[in-house]
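Reading through the structure tokens given below for one structure.
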């Protein structure tokens, strides 16, 4: 619960999503604000840790959030400008400029900057009524989107960062429209519908790898470990695998996968299980697309990207051999971005593979197609430009059925 003073009275409300939001911490201080507050004053208060509970026109709140974003994004540009001037001064004979940050340091600095930006932008709050309605002038009706994200209306007021509320609405729209996945073809059958809090398969190159790699002979059963939206399980079923067991520990992901399987008319061929990693038994194929970067996740959605200490990656490798049938393969889909950032080495990865009693049968590589890979202004551009996404085909080291 969050408390604040307004018009001489004490008020309180629940923090958004009933604690089921994206992990943003509730603010310690709340101040009522309206259309008379300037963007500069709002930004100063937000940087100081004071949340602004909006009581003005709703569309003006959206404009204020955009103004806060411009101010937050302007600070890195100013810092970059100072660095460029320092380099020019160095060329003119002044004191030498600081050496460029190492890739790992640049990554951690970027993460810190992203976290600070998110904290500042999350200081603009909207109050939702007990049925998720917004009692502000020109406010839209987003009750359906909130119910999708957070479940049934709680029956009591909630305070929600406007930034997170817009994210909920965006997820609602993506869920309705779906995300095109070229490997699944055109039309409705070529779209995956991600739910709020479940990572969207916007990077289609890794799906292409699973759609194109040769299946093991006699592959009647496959495991999809960490299924998420269910996209890889759908690809395997569409390729002719008779039965797929798909696991995930996140109830949101399982609900999302169930929805997508129903849309694809594959619910009878793909079974969903809530599990940390593997389902029981052995299969001819086990597929896993773990989070690619060994770093701490801050929000719920980041758990699909960041894997502290490579725990899921190492867990999949450690348990793979005992879950493969004779002649079976494990497909590990992994980007080498962590290697280019200095967060993990290729030697470490190969060492984990060998220690798990596995051997590399083949590797299929592809280059990323997303825009950030070609954005020279990105702080991690050098690493992103060199990134390769691979499908590692792995087999048990002592499996005679895999002998060349």
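The condition of being within 24 Å of residue 104 (Cα to Cα) and surrounded by fewer than 24 Cβ atoms within 10 Å (Cβ to Cβ) holds for only one of 305, 235, that being 305. Within the stretch 46-72, the residues that satisfy the criterion of being within 11 Å of residue 121 (Cα to Cα), touching a residue at least 12 places away in the same chain (Cβ under 8 Å) and in a helix (DSSP H, G or I) are 46, 47, 64, 65, 67, 68, 69, 71, 72.
Per-residue answers, yes or no, for (1) more than 20 Å from the chain's Cα centre (by Cα); (2) crowded, with 22+ Cβ neighbours inside 10 Å; (3) within 30 Å of residue 52 (Cα to Cα):
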{"residue": "174", "(1), (2), (3)": "no, no, yes"}
{"residue": "185", "(1), (2), (3)": "yes, no, no"}
{"residue": "204", "(1), (2), (3)": "no, no, no"}
{"residue": "208", "(1), (2), (3)": "no, no, no"}
{"residue": "218", "(1), (2), (3)": "yes, no, no"}
{"residue": "230", "(1), (2), (3)": "no, yes, no"}
{"residue": "240", "(1), (2), (3)": "yes, no, no"}
{"residue": "243", "(1), (2), (3)": "yes, no, no"}
{"residue": "250", "(1), (2), (3)": "no, no, no"}
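Does at least one position in the stretch 186-204 carry a residue that is outside any loop (DSSP other than H, G, I, E, B) and over 21 Å from residue 333 (Cβ atoms)?
Within the stretch 186-204, one or more residues are outside any loop (DSSP other than H, G, I, E, B) and over 21 Å from residue 333 (Cβ atoms).
The residue of the stretch 260-278 that is nearest to the chain's Cα centre (by Cα), among those that are closer than 12 Å to residue 233 by Cβ and part of a loop (DSSP other than H, G, I, E, B), is 264. The criterion of being modelled with pLDDT of 95 or more and either over 25 Å from residue 293 (Cβ atoms) or assigned to a helix (DSSP H, G or I) (or both) holds for residue 125.
The values are calculated or read from the model by the stated rules, or taken from the named source; none is laboratory data. Being a predicted model, the structure only gives us computed values, none of them experimental. Using ideal geometry, Cβ is built from the backbone for each residue, glycine included, and neighbour counts are taken over all protein chains shown.
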